[in-house]
Amino acid sequence: MGFAEIFSKIRKTQSAPSEAPSHWVKCSACQSLMYYKEVEQRFNVCPKCGFHMRISATKRIEQLSDEGSFVEFDANLIPVDPLKFVDKKSYKKRIEEAEEKTGKHSSVICGTCTIEGVKVQLVVFDFAFMGGSLGSVEGEKIVRAIHRAIADKEGLVIVSASGGARMQESTFSLLQMSKTSAALAKLAEAKLPYISILTDPTMGGVSASFAFLGDIIMAEPGALVGFAGQRVIKQTIGADLPEGFQKAEFLLEHGLIDMIVTREEMKKTVADLMKLLGAHCKSDDFELRLKA
Amino acid sequence: MATYLEFENGIKQIDEDIAGAKIKGDAHAVEILEKNLAKEISKTYKNLSEYQKLQLARHPDRPYALDYIRGLLKESYEVHGDRNFADDAAIVGYIGYLAGRKTMIIGEQKGRGTKNKIKRNFGMPHPEGYRKALRLAKMAEKFNLPILFLIDTPGAYPGIAAEERGQSEAIAKNLLELSRLNTQSVAVVIGEGGSGGALAIGVADRVAMMRYSVFSVISPEGCAAILWNDPSKQENATKAMKITADDLYGLKLIDAIVDEPLVGGHRDKESAIKALGDYFITSLKELDQLSDQERMDKRYEKILSIGAYEER
C-alpha cells in the first residue's frame, strides 16, 4: 500500500467538508481568519475589526433572550402563492428551497421570551429565508405578535434583517407595510414600548414601515439601512455615493436613529430601556404559563 | 399634439384622416370616419394586455393630479410646505369645495413638459413631500374635512438627500398615522402607484384605481432586473405581478375600479375627471352612514385582513 493510498483512506474516514463544521471563519470585512469558537463567544463579531457578521434568527434569539425562555408562536403559518408567480423560477420552488435551507416557513420567528427578566414579544428576521423579505406570512405573524403584546401588556422587540417586500407576492406584500404599521398604531395607543433593532441589511418596505416606527430605534455598528438600494440610487443620480452612506453611523449623524449598540451590549440595553419605558417585569406570570 | 402609443396607431391614422377631411370640409367623410374611429377604439381598448395598460398608466397625456383638482375643486386654495424643511412640488395640497362639500385633496403631481417635470421631480416625492401630506391630512382631521388622495408616482425618490432626511421614516409614519386618522378618506390611483411611495398616501377608508392605472410593489423594470436579471423582461414582470386595476380588484386588494372612459383619460379628460368626482362623492355618502368609531374600526379591519397564507 503506497503512501498516497493510505492518505486517501485516512481522508475518507473523515467526514466530507460539507458536513463537517467549518472550524475557521473568515471575516468578510477584514478577511481575517479566526477559530469559530472564538467568533461564537464574541456574538459573531469579528475580534479583529469589530465587524458584525450576519447571524441566523435562531442565533439571534439565543443571544438576546434569557436561556430557555423563548416560546415560539405562529410557526404554523405557511406561505401560499396567491399570484402563481413565476420568474426564472416559480415562487413555490423558491419557498421550498428557502424552507429546506432554513427549516422554517417564513423569514420571521415570533414568540415570547424574557430579556434579563423582562417579558417581551420578540420578532426576529432571518435574512437566509428569501433575503428576509416581507410577505403575507411575515406581516400576519408580526401583527399577531403586536396583538399579543397589547393583550398581555408587554413591550415589543423587532430585529430586522431584510431586503424589503417580497416581489413574488407583489401588492399583497406591499400592503403588509400598512398592515404592520396600522397594528403598531394600536400598540402606541396602548402606550406599550416598541424597540426596533436594525441589523445588516434593513431596506425597502421593511425599512419604510415597522422598522422605523420604534419608540427607540437602535442599529448594529456598520449595518446598511435605507429605503432605496444603493445600485438604484447610483443609477438615478449618475454619481458615486459618499463613503459610509446608509450605514448605521450615517443614520445616527442624520438624526434617524437613537443609538448604535454592539451585539455584546444589545441584551442589557434592550432590557434596561424596556424597564425605563415601563414594560413590566412579569417573569412569574411567564413561568406559570409555561407550566400550564 | 396628442401622443400615440404603438398599439394606438390605427386610431392615430383615423384621427389624422378626420382632421384632413375637416379641413376639406367633407362632412360626409368625417361622419364615416368617426364611425370607423369608434370601431377602432373599441377594438383597441377592449383587448389590452397588461403591458399596454401599464403604458396607458404612464401616458404623457393622461390627466395628472392638478387636472383633477382644477376640474373638481371650486373656490380652492393651494397650501404648501411641511413647516420644517421645504415645499415638495411632487406633492400638492388643496382645500376647496367638491360638489359643494368642503374637501382636502392631496396628490402626487407629475410634470408636463421638461421644465415642469424637473420642478415636480417626475412625481417622485422626497421625505418633506410625505411630511407635507401628513401635515395636511392632520389639518383635515382637525377641521373634519374629507380627504381625497390622488396617487401618481413612479416611486419615492431614490437619492442621497432623500435618504439623509429619512425617506423610510417619512413613509412609515404616514402609514401609521393615516391608518388611524379620524376623518373620511378616499385614495385613488390615477396613473402609476409605485410602491411605498404610493402607499404613503394610500391608506384610506376606500382605495380605488382608475381603469388604466397600476399599483405595484416595485416597477416592472426593477422587478425584471432583479428576478430575471434582465430589465427587458419588463413585459413578463408586468403580467406576473398582477398590477392592473382589473387584477387587483379581482384579488380584492382594492375596493373599486373608477369608471374611466374606455378610451382612457388621455383621450377623454373630462369624463375621467367626472368619473373620479362621482366615485368620491358616492364613497362619502356611504361613509356618512358610519359613526367615526365604526368607520375607523372598519378601516383597521380592512387593512389587517390583507394577506394570503395558510394556517396548518
Review point. Nearest 20 debye, what's the magnitude of the dipole of region B:190-312 about its Cα centre given +1 on Lys and Arg Cβ and -1 on Asp and Glu Cβ?
Key: 160
Check your understanding: Computed on alpha carbon atoms, what radius of gyration and Dmax characterise the protein assembly as shown, expressed in Å?
Key -> 26.8, 106
Study note, to complete from the structure: Counting only DSSP beta bridges with both partners in the protein assembly as shown, the antiparallel fraction in percent, to the nearest 5, comes to 45
Review point. What size of dipole, in debye to the nearest 20, comes out for region B:53-305 about its Cα centre when the only charges are +1 on Lys and Arg C-beta atoms and -1 on Asp and Glu C-beta atoms?
Key: 380
Check your understanding: What average count of beta carbons from other chains do you get within 10 Å of the Cβ of residues in B:174-182?
Key -> 6
Practice item. Please state, to two decimals, what the Cα-based radius of gyration of chain A comes to when divided by 2.2 N^0.38 Å (N = residues). Key: 1.09
Study note, to complete from the structure: Distance in nm between B:Ile23 and A:Lys92 label points, each 7 Å along Cα→Cβ, equals 5.9
Revision key, fill the gap. Here the alpha-carbon Rg of region A:42-152 over 2.2 N^0.38 Å rounds to 1.19
Check your understanding: What number, in percent, do you get for the relative contact order of region A:44-193 if the mean sequence gap of Cα pairs under 8 Å and at least 6 apart is divided by its residue count?
Key -> 21
Revision key, fill the gap. With -39,500 (n - 2.57) per DSSP H segment of 4 or more residues and division by the full residue count of chain A, the 222 nm estimate, nearest 500 deg cm²/dmol, is -11500 deg cm²/dmol
Study note, to complete from the structure: Once phi for every residue in region B:250-264 is put through the Karplus expression 6.51 cos²θ - 1.76 cosθ + 1.60 (θ = phi - 60°), the whole-Hz ³J(HN,Hα) values, with Gly and Pro written as x, are x, 7, 6, 8, 10, 7, 7, 10, 6, 6, 4, x, 3, 6, x
Exercise for review: Could you work out the equivalent-ellipsoid semi-axes for region A:100-189, taking the square root of 5 times each eigenvalue of the Cα gyration tensor, largest first, in whole Å?
Suggested key: 22, 17, 9
Check your understanding: What are the semi-axes of the equivalent ellipsoid of region B:6-47, taken as the square roots of 5 times the eigenvalues of the Cα gyration tensor, listed largest first and rounded to whole Å?
Key -> 21, 11, 4
Review point. For the pair A:Lys153 and A:Asn76, how long in nm is the line joining their label points, each one 7 Å along Cα→Cβ?
Key: 2.9
Review point. Put +1 on the Cβ of every Lys and Arg and -1 on every Asp and Glu Cβ in the protein assembly as shown; which of B:Gln234, A:Gly117, B:Gly81 then has its Cα farthest towards the positive end of the dipole?
Key: B:Gln234
Exercise for review: Above 25 angstrom, tally the Cα pairs of region B:53-305 and express them as a % of all pairs, no decimals.
Suggested key: 39
Study note, to complete from the structure: Taking 0.36 nm per residue of separation between B:Lys115 and B:Lys12 and subtracting their Cα-Cα distance, the length gained on full extension comes to 34.4 nm
Revision key, fill the gap. Taking only Cα atoms of region B:210-301, the Rg to Rh ratio with Kirkwood Rh works out at 1.10
**Study point:** Using a Förster distance of 45 Å, the FRET efficiency for B:Glu34-B:Lys252 (Cβ separation, nearest 0.05)
**Key:** 0.70
**Study point:** Rounded to whole Hz, the Karplus (6.51, -1.76, 1.60) HN-Hα couplings of region B:22-37, x for glycine and proline
**Key:** 5, 4, 6, x, 8, 4, 5, 4, 4, 4, 5, 5, 5, 5, 4, 4
Review point. Given a 1.4 Å probe and no ligands, DNA or RNA in the count, how much accessible surface is buried by B and A, both sides, to the nearest 100 Å²?
Key: 4800
Exercise for review: On a C-alpha basis, how far is the centre of region B:181-225 from the centre of region B:94-123 in Å? Whole number, if you could?
Suggested key: 16
**Study point:** Å² per residue, accessible surface of region A:143-292 at 1.4 Å
**Key:** 38
Review point. Roughly how tilted is helix A:263-276, in degrees to the nearest 10 and between 0 and 90, from the longest Cα axis of chain A?
Key: 10
Practice item. Using just the helices of chain B, give the 222 nm mean residue ellipticity in deg cm²/dmol: DSSP H runs with n ≥ 4 each add -39,500 (n - 2.57), and the total is spread over all residues, rounded to 500. Key: -15000 deg cm²/dmol
Check your understanding: If you line up the long axis of helix A:170-189 against the longest principal axis of chain A, both from Cα atoms, how many degrees apart are they, to the nearest 10?
Key -> 50
Check your understanding: In sequence order, what are the phi-derived ³J(HN,Hα) couplings for region B:219-231 according to the Karplus relation 6.51 cos²θ - 1.76 cosθ + 1.60 with θ = phi - 60°, rounded to whole Hz, with x for glycine and proline?
Key -> 5, x, 5, x, 4, 5, 5, 7, 7, 9, 6, 7, x
Check your understanding: In region A:31-87, which GluC sites (Glu not before Pro) fall in coil by DSSP and have 14 or fewer other Cβ atoms within 10 Å?
Key -> A:Glu67
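The values are calculated or read from the model by the stated rules, or taken from the named source; none is laboratory data. Small disclaimer: the values here were computed from a predicted structure and weren't measured. We place every Cβ from the backbone using ideal geometry, glycine too, and count neighbours over all the protein chains shown. For the accessible areas, the whole protein counts, side chains as well, though only heavy atoms, and no ligand, DNA or RNA atoms are used. Shrake-Rupley method; radii C 1.70, N 1.55, O 1.52, S 1.80 Å.
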